[in-house]
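Below: the structure, in structure tokens.
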Amino acid sequence: MIYSLPYLLFLAILMVCAFLAWNYKDNIKFQHSTIIVSIVLVLLFFGLRGFCFYDWNSYYPLFINKTWSKFFHPQLGSQSTEPGFTILLLTCKSIWNNYHFFVFVCTIINTALLYRFLSKRTNNIPMGLVVCISMGGLYLYTDLMRNAISILIFINSIEYIEKKKPIPYFLLCLLACTFHSTAVLYIPLYFILNRKINKWLFISIFAVGNIILLLKIPVLMSIISLVASFINPELEAHINAYTKLMHEEGFQISIGYLERLFTGIMVIIYINKLRKVRANNDIFINSLLLYFIMFFFFSEFKTLSLRLSLLFSFAYWTLWTDLLNCITIRSNKYLFAAFISIYCLFKMYGSTNNPIAKYDAIYWNDEPYHLRKIYHYQHFNDK
């Protein structure tokens, strides 16, 4: 519990801002105040963090070792990252050779992009931040620095799907690719996301996905083996042997699975209202379906499933707040808002209740890299 306390307190303050924004929605000045407090809180909490979670183990040495000369003249075997991220890192390093300054700049970029997106997609930005941080945003801010900028650039390109402007859309997708190569998956979505999917097709894909996860049907391994069998039967045997070695346990029925089941059912029930409550919501309904496809169909490989589905987690950030607007009975609306709040706190607790998540801020403790590295190795396998 002690490791989760800073994160729970942080989320609780955001929830208070969301509640105040909801109850004083006619007071524009007060609304702006809740937004400012929320944004500043996010910047301070994530931007001034120390070495928390996992990926600083990779990013700190990268920051220390990367130079402009290595960027222009890469050496064989040296650690490489996408050019956009590398240029940002080296620019920050040129201004101030301090890893925490680089983290703070990345946090400013992430928060600015997230604010721009939420300001166009939700009527309650603090609530949007609560849902975002609880549904994937925590890991984007703390661990997946390259993914974070890439995903947040992409979600700001969605407006060009709505406006039917392919050139700025593709340019932003290419920019996102310079921060993380997985953004290449976003490029063809210009032709897909804005289509109105049939409700029964959504239900069918969602149902098949659940069956695949619950029965642990090895979809990915079957596809790989099938392709390999056409190329070379010996290759198929090697791939089968390799995938058995690499095969992970996969997902079990858990709170996380029930959350996805609940979300899918709610979207199916309210799909017509969701299309009315906000223009072009089909983009996010389709994105949620892609999220489910990535999560369910590749569930045999847990890490792959989580990483691919994270690319479409932004659908949660808008649809959960829009579901709140779909509920017309006031008491039911309050109940659903309470459910969102309690579940987000519960999910935050589950994500941070371990020693690796121990919060450290550079303004109060500033545990140095080598000491945190020792602590990390001591507690890496702790539950």
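Condition (residue is at pLDDT 95 or above, in a helix (DSSP H, G or I) and under 20 Å from the mean Cα position of the chain (by Cα)) applied to the stretch 81-95: is it met by at least one residue?
Yes, because at least one residue in the stretch 81-95 is at pLDDT 95 or above, in a helix (DSSP H, G or I) and under 20 Å from the mean Cα position of the chain (by Cα).
Among the residues of the stretch 291-307, how many are touching a residue at least 40 places away in the same chain (Cβ under 8 Å) and assigned to a helix (DSSP H, G or I)? Reasoning before the result, please.
Taking the stretch 291-307 and keeping what is touching a residue at least 40 places away in the same chain (Cβ under 8 Å), we get 292-293, 295-305, 307.
Remaining after also requiring assigned to a helix (DSSP H, G or I): 292-293, 295-297, 302-305, 307.
So the answer is 10.
Given the residues I362, I374, I285, which is the only one that is over 23 Å from the mean Cα position of the chain (by Cα) and under 28 Å from M15 (Cβ atoms)? Break it down stepwise before answering.
Values: I374 fails: under 28 Å from M15 (Cβ atoms); I285 fails: over 23 Å from the mean Cα position of the chain (by Cα).
None of the others qualify; the one that does is I362.
For the stretch 310-334, how many residues meet the condition of being among the β-branched types (V, I, T) and modelled with pLDDT of 90 or more? Before you say what the answer is, go through the steps one by one.
Within the stretch 310-334, the subset among the β-branched types (V, I, T) is 318, 321, 327-329.
Now drop any that are not modelled with pLDDT of 90 or more, which leaves 318, 321.
Of the residues in that region, 2 qualify.
Kindly provide the set of residues from the stretch 178-189 that are among the aliphatic types (A, V, I, L, M) and out of contact with any helix residue (DSSP H, G or I) (no Cβ under 7 Å at 6 or more places or on another chain), ordered by number.
The initial filter retains those residues of the stretch 178-189 that are among the aliphatic types (A, V, I, L, M), namely 183-185, 187, 189.
Across the stretch 178-189, the qualifying residues are L185, L189.
Table: residues versus (1) assigned to a helix (DSSP H, G or I); (2) at pLDDT below 95; (3) in contact with a helix residue (DSSP H, G or I) (Cβ under 7 Å, 6 or more places away or on another chain).
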residue	(1), (2), (3)
L129	yes, no, yes
M135	yes, yes, yes
A148	yes, no, yes
L152	yes, no, yes
I161	yes, no, yes
I167	yes, no, no
F170	yes, no, yes
C173	yes, no, yes
A176	yes, no, yes
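Of (1) within 16 Å of N210 (Cβ to Cβ); (2) of a type in the set (A, V, I, L, M, F, W, C); (3) not in a helix (DSSP H, G or I), F312 satisfies all except one. Which?
Status for F312: all satisfied but (1).
If S341 meets every condition in (1) modelled with pLDDT under 90; (2) among the small types (G, A, S); (3) not assigned by TED's automatic domain parsing to the domain that holds W56 apart from one, which number is that one?
Condition (1) is where S341 drops out.
If you go through the stretch 27-36 one residue at a time, do you hit one that is assigned by TED's automatic domain parsing to the domain that holds R146 and within 22 Å of the chain's Cα centre (by Cα)? Before the answer, list the steps.
Initially, the stretch 27-36 is screened for residues assigned by TED's automatic domain parsing to the domain that holds R146, giving 27-36.
This time we only want the ones that are within 22 Å of the chain's Cα centre (by Cα), so: 35.
Yes, there is a match, as at least one residue in the stretch 27-36 is assigned by TED's automatic domain parsing to the domain that holds R146 and within 22 Å of the chain's Cα centre (by Cα).
Among the residues of the stretch 355-368, write down those that are surrounded by 15 or more Cβ atoms within 10 Å (Cβ to Cβ) and either under 20 Å from G256 (Cα atoms) or of a type in the set (S, T, Y) (or both).
Those that are surrounded by 15 or more Cβ atoms within 10 Å (Cβ to Cβ) and either under 20 Å from G256 (Cα atoms) or of a type in the set (S, T, Y) (or both): A357, Y359.
What are the residues in the stretch 180-209 that are hydrophobic (A, V, I, L, M, F, W, C) and part of a loop (DSSP other than H, G, I, E, B), if any? Full working, then the answer.
Within the stretch 180-209, the first condition is being hydrophobic (A, V, I, L, M, F, W, C), and the residues that meet it are 183-185, 187, 189, 191-193, 197, 200-203, 205-208.
Answer for the stretch 180-209, where residues must be hydrophobic (A, V, I, L, M, F, W, C) and part of a loop (DSSP other than H, G, I, E, B): I192, L193, I197.
Out of L140, L144, L113, L129, I need the residue that is within 17 Å of T34 (Cα to Cα), within 17 Å of the chain's Cα centre (by Cα) and assigned by TED's automatic domain parsing to the domain that holds Y60. Which one? Steps first, please.
Working: L140 fails: within 17 Å of T34 (Cα to Cα); L144 fails: within 17 Å of T34 (Cα to Cα); L113 fails: within 17 Å of T34 (Cα to Cα).
Answer to the selection: L129.
Kindly establish whether T182 is β-branched (V, I, T), touching a Leu at 6+ places or on another chain (Cβ under 8 Å) and assigned by TED's automatic domain parsing to the domain that holds N110.
Working: β-branched (V, I, T): yes; touching a Leu at 6+ places or on another chain (Cβ under 8 Å): yes; assigned by TED's automatic domain parsing to the domain that holds N110: yes.
For T182, the condition - β-branched (V, I, T), touching a Leu at 6+ places or on another chain (Cβ under 8 Å) and assigned by TED's automatic domain parsing to the domain that holds N110 - is met.
When the residues of the stretch 190-209 are narrowed to those that are closer than 26 Å to G84 by Cβ and without any contact (Cβ under 8 Å) to a residue 60 or more places away in the chain, which ends up surrounded by the most Cβ atoms within 10 Å (Cβ to Cβ)?
Here is the first cut: in the stretch 190-209, the ones closer than 26 Å to G84 by Cβ are 190-193.
Right, trim to without any contact (Cβ under 8 Å) to a residue 60 or more places away in the chain and you get 190-191.
Numbers: Y190: 18, F191: 10.
The qualifying residue surrounded by the most Cβ atoms within 10 Å (Cβ to Cβ) is Y190.
Give just the number: which of (1) out of contact with any Asp or Glu (no Cβ under 6 Å at 6 or more places or on another chain); (2) surrounded by 13 or more Cβ atoms within 10 Å (Cβ to Cβ) does I167 not satisfy?
Evaluating I167 over (1) out of contact with any Asp or Glu (no Cβ under 6 Å at 6 or more places or on another chain); (2) surrounded by 13 or more Cβ atoms within 10 Å (Cβ to Cβ) leaves (2) as the failure.
Name, by its number, the condition in (1) within 25 Å of N281 (Cβ to Cβ); (2) touching a residue at least 24 places away in the same chain (Cβ under 8 Å) that does not hold for Y169.
(2) is the only condition that Y169 fails.
Within the bounds of the stretch 27-40, is there any residue that is at positive phi and part of a loop (DSSP other than H, G, I, E, B)? Spell out the reasoning first.
Step one: of the stretch 27-40, the residues at positive phi are none.
No: zero hits.
What residue, of T81, T86, is surrounded by 13 or more Cβ atoms within 10 Å (Cβ to Cβ) and either of a type in the set (G, A, S) or under 26 Å from V42 (Cα atoms) (or both)? Outline the logic, then answer.
Values: T81 fails: either of a type in the set (G, A, S) or under 26 Å from V42 (Cα atoms) (or both).
Selected residue: T86, the only one of T81, T86 that is surrounded by 13 or more Cβ atoms within 10 Å (Cβ to Cβ) and either of a type in the set (G, A, S) or under 26 Å from V42 (Cα atoms) (or both).
Of (1) at pLDDT below 95; (2) crowded, with 19+ Cβ neighbours inside 10 Å, P218 satisfies all except one. Which?
Evaluating P218 over (1) at pLDDT below 95; (2) crowded, with 19+ Cβ neighbours inside 10 Å leaves (2) as the failure.
Of a type outside the set (S, T, Y), at pLDDT 90 or above and closer than 15 Å to Y54 by Cα: is that true of N381 in this structure? Reasoning before the result, please.
Numbers: of a type outside the set (S, T, Y): yes; at pLDDT 90 or above: no; closer than 15 Å to Y54 by Cα: yes.
Considered against the rule, which asks whether it is of a type outside the set (S, T, Y), at pLDDT 90 or above and closer than 15 Å to Y54 by Cα, N381 comes out as no.
The values are calculated or read from the model by the stated rules, or taken from the named source; none is laboratory data. Predicted model only: the values in this text are computed from it and were never measured. Note that we place each Cβ from the backbone using ideal geometry, even for glycine, and neighbour counts take in every protein chain shown.
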